[in-house]
Amino acid sequence: MKNILFTWLGSADLDGAKNNGEDGVGPICQAAVQRTFDEIIILSNYPRDKAESYITWLKKQEYNGNITLVVIDLGGNPTDYQAIYENAKRQVQKRLDRNADKVQLTFYLSPGTPQMATIWVILANTVFGAKMLQSSTRQGVQDVDFPFNIAADYLPKLLKKNAQKISALFDSDEKVAGFEEIIYQSSAMKTLIGRAKILAPHPVPVLIMGESGTGKELLAKAIHTASLLKGKFVAINCGAIPEELFESELFGHKKGAFTGATTDKAGYVEAASGGTLFLDEIGEMPPRIQVKLLRVLQEGNFSRVGDTEECEADVRIISATNRNLIEDVAVGTFREDMFHRLAVGILNIPALREREGDLFLLIDYLLENVSKKSDDKPKKLSATAKKQLLAHHWPGNVRELQNTLIRAAIWSSGDTIDKQDIEGALLPVAKKSSDKGILGRPLTDDFDLEEVIGEVARHYLERALKETGGNKSKAASLLGFNSYQRLDVWLRKYQLSIMDIG
């Protein structure tokens with residue numbers, strides 16, 4: 001593993017070189033002599049000739065590693081948090097991109113301005129996971145260990161204290177690579193994306209919950225891109241893999257492990273090494289596979305099917321589900337320990353009907369994409385077509401909206417999509433049974449409250465009579481009626497008879 005020290009050049013370092021160490025060599029030389037680094041990368045906002053003169057002096061001291069100078073223009077302001085943050089982050093990432101092997105990063109807090117030290121602290125604890133050093137003339141070079149969760153405790157206080165200067169670094173509206181494909185303006189989505197951006201650089205598991213078609217995989221890809229991981233984004237649908245093949249597909253197998261295993265095969269965990277493994281529909285994962293994945297999350301290793309050797313699982317897990325996993329845990333179909341391991345970072349994607357102001361924004365974006373893919377002239381929506389789209393409940397969310405617009409664009413003969421085109425493209429809303437989803441029905445033009453209440457009443461009246469074998473007194477008691485005469489009133493109201501129920 002390559003050990004790299006990042007530091008800013010400070011005035012104490014320049015003074016040490018100028019006096020040839022008579023009044024102290026300065027913090028950078030202290031660290032170079034007292035610690036072992038393969039490379040020291042020095043960021044400098046001083047004039048190049050002044051910085052290069054210091055490098056020449058430092059190379060004559062007792063340090064045998066590489067020294068790299070990076071001259072940075074801070075606009076003459078070494079206290080500009082934004083400029084310091086952007087430049088330091090960019091230089092560290094460049095070095096990581098150039099090193100295929102693993103790198104141990106160390107950030108040096110002592111050289112430079114207090115603002116530079118602050119940014120090193122922020123980067124070390126939110127983006128890069130680096131070690132930190134500080135030094136003094138008396139105590140020498142020391143490791144810096146914070147005895148608290150800096151992300152949860154220190155940073156919010158720091159932001160509050162320096163709100164005008166630093167808050168822009170963590171603004172949820174800041175453009176971050178990976179999130180630009182997510183179209184939104186609603187407050188619900190702004191909150192979601194802001195949380196996702198905060199989670200992205202932390203290598204913790206993330207559980208994304210939301211209805212089908214809300215864009216869970218798109219959000220997972222954005223988190224991966226913003227995480228700065230070098231490996232691939234590998235996505236699998238847990239509901240599409242046969243249970244008997246699940247272990248082999250996920251962890252791989254050795255030759256001869258089972259009939260048909262003619263060669264060694266790597267699984268999805270290995271394919272995503274150094275990157276993100278996205279497990280869609282995690283609630284469909286068989287319990288015995290949950291046990292094996294739990295080992296990956298807890299211990300960071302796994303074994304291929306038929307192999308006794310362990311492999312390191314260098315992978316981040318992001319999972320998604322449209323189910324209520326807490327209910328699955330309660331009934332025993334999903335392991336509770338597995339749930340808590342996956343749900344470190346939890347993101348709930350709102351349904352399209354809950355994203356006020358996003359519908360027409362998405363329509364414009366999706367229509368433009370449809371025209372690009374078909375090389376056709378972009379089509380417009382008539383006022384009545386827009387009204388029709390606005391009135392729809394969108395149970396299939398963004399995916400349903402996209403497919404509806406594709407169908408409408410294909411079937412419309414002119415340059416404008418009208419109401420009839422939308423009506424022909426919309427999928428019929430399925431009628432829900434009275435015992436499932438009764439409270440989630442859309443308030444559309446054909447909604448009838450009395451009909452809904454009638455469905456519920458007929459359902460329970462029939463159940464009570466069937467369970468009591470047609471005994472009205474017992475059925476009335478089950479339904480909470482004080483007499484069977486009241487039951488008769490309800491039966492007449494909803495046109496039911498014991499003969500019909502049988």
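The values are calculated or read from the model by the stated rules, or taken from the named source; none is laboratory data. For clarity, every value in this text was computed on a predicted model and none was experimentally measured. For neighbour counting, all protein chains shown are included, and Cβ atoms are generated from backbone atoms with ideal geometry for every residue, glycine included.
If I filter the stretch 340-359 down to residues being over 19 Å from PRO442 (Cα atoms) and surrounded by fewer than 18 Cβ atoms within 10 Å (Cβ to Cβ), which single residue comes out as nearest to the chain's Cα centre (by Cα)?
Across the stretch 340-359, the extreme among qualifying residues is ILE346.
Just checking, how many residues over the stretch 61-79 are at pLDDT 85 or above and among the charged types (D, E, K, R)?
Here the count works out to 1.
Restricted to the stretch 394-417, and to residues that are among the aliphatic types (A, V, I, L, M) and in a helix (DSSP H, G or I), which residue is surrounded by the fewest Cβ atoms within 10 Å (Cβ to Cβ)?
By that ranking, first place goes to ILE410.
Condition check: under 10 Å from the mean Cα position of the chain (by Cα), in contact (Cβ under 8 Å) with a residue 12 or more places away in the chain and either surrounded by 20 or more Cβ atoms within 10 Å (Cβ to Cβ) or within 17 Å of GLU312 (Cα to Cα) (or both). Does LYS216 satisfy that?
Judged against the criteria, LYS216 is a match.
Quick check on my filter: what residues within the stretch 245-279 are assigned to a loop (DSSP other than H, G, I, E, B) and either within 26 Å of the chain's Cα centre (by Cα) or of a type in the set (Ser, Thr, Tyr) (or both)?
THR259, THR262, THR263, GLY267, ALA272, SER273, GLY274, GLY275
Does the stretch 291-312 hold any residues that are touching a helix residue (DSSP H, G or I) at 6+ places or on another chain (Cβ under 9 Å) and within 16 Å of VAL344 (Cβ to Cβ), and which are they?
Listed by number, the residues that qualify are LEU293, LEU294, VAL296, LEU297, GLN298.
I need every pair where a residue in the stretch 77-102 that is closer than 19 Å to TYR46 by Cβ and not assigned by TED's automatic domain parsing to the domain that holds MET132 has its Cβ under 6 Å from the Cβ of a residue that is part of a helix (DSSP H, G or I) and small (Gly, Ala, Ser), sequence separation at least 6 or different chains.
That search, which allows pairs on different chains as well, returns nothing.
Limited to the stretch 466-490, what total is found for residues that are within 53 Å of the chain's Cα centre (by Cα), at pLDDT below 85 and in a helix (DSSP H, G or I)?
2
Quick one: is GLU62 without any contact (Cβ under 8 Å) to a residue 24 or more places away in the chain, surrounded by fewer than 19 Cβ atoms within 10 Å (Cβ to Cβ) and part of a loop (DSSP other than H, G, I, E, B)?
The answer is no for GLU62.
Could you list all residues from the stretch 356-380 that are out of contact with any helix residue (DSSP H, G or I) (no Cβ under 6 Å at 6 or more places or on another chain), part of a loop (DSSP other than H, G, I, E, B) and at pLDDT below 90?
Result: GLU356, GLY357, ASP375, ASP376, LYS377.
Are any residues in the stretch 107-133 among the polar types (S, T, N, Q) and more than 27 Å from the chain's Cα centre (by Cα), and if so, which ones?
Selection gives SER110, THR113, GLN115.
So, THR225, is that one within 25 Å of ILE193 (Cα to Cα) and in a loop (DSSP other than H, G, I, E, B) or not?
no
Could you check the stretch 177-193 and list, in sequence order, the residues that are out of contact with any Phe, Trp or Tyr (no Cβ under 9 Å at 6 or more places or on another chain) and either surrounded by fewer than 16 Cβ atoms within 10 Å (Cβ to Cβ) or at pLDDT 85 or above (or both)?
Selection gives ALA177, PHE179, GLU180, GLU181, ILE182, TYR184, GLN185, SER186, SER187, ALA188, MET189, THR191.
Mind checking which pairs have a first residue in the stretch 235-262 that is on the phi > 0 side of the Ramachandran plot and a second that is outside any strand (DSSP E or B), Cβ under 8 Å, 6 or more apart or different chains?
Hits for this filter: GLY252/ASP264; GLY252/GLY267; GLY252/VAL269; GLY252/GLU270; GLY252/ARG304; GLY256/GLY306.
Quick check, is LYS230 assigned to a helix (DSSP H, G or I), among the basic types (Lys, Arg) and touching a residue at least 40 places away in the same chain (Cβ under 8 Å)?
no
Residues of the stretch 305-322 being surrounded by 15 or more Cβ atoms within 10 Å (Cβ to Cβ) and either part of a helix (DSSP H, G or I) or modelled with pLDDT under 90 (or both), which ones?
VAL305, GLY306, ASP307, CYS311, ALA313, ASP314
Hey, could you check the stretch 323-339 for residues that are in a loop (DSSP other than H, G, I, E, B) and of a type outside the set (Lys, Arg) and say which is nearest to the chain's Cα centre (by Cα)?
The selected residue is ASN324.
Suppose we keep only residues that are closer than 22 Å to ARG35 by Cα and modelled with pLDDT under 90 within the stretch 99-108. Which one would you say is surrounded by the fewest Cβ atoms within 10 Å (Cβ to Cβ)?
Out of the qualifying residues, it is ASP101.
Give the residues of the stretch 377-387 that are under 19 Å from PRO442 (Cβ atoms) and buried (at least 21 other Cβ atoms within 10 Å of the Cβ), sorted by residue number.
Of everything in the stretch 377-387, just one residue is under 19 Å from PRO442 (Cβ atoms) and buried (at least 21 other Cβ atoms within 10 Å of the Cβ), namely ALA385.
Report, ordered by the first and then the second residue, all pairs with beta carbons closer than 8 Å, sequence separation of six or more or different chains, a first member in the stretch 361-377 that is in contact (Cβ under 8 Å) with a residue 24 or more places away in the chain, and a second member that is among the hydroxyl-bearing types (Ser, Thr, Tyr) and part of a helix (DSSP H, G or I).
If the second residue must be among the hydroxyl-bearing types (Ser, Thr, Tyr) and part of a helix (DSSP H, G or I), the pairs left are LYS377/SER371.
Looking at the stretch 3-22 only, could you name the residues that are under 33 Å from the mean Cα position of the chain (by Cα) and either exposed (fewer than 15 other Cβ atoms within 10 Å of the Cβ) or over 29 Å from ILE122 (Cα atoms) (or both)?
Matches in the stretch 3-22: none.
Considering only residues that are surrounded by fewer than 18 Cβ atoms within 10 Å (Cβ to Cβ) and among the aliphatic types (A, V, I, L, M), look in the stretch 261-288 and name the one that is modelled with the lowest pLDDT.
Once the filter is applied, the top-ranked residue is ALA261.
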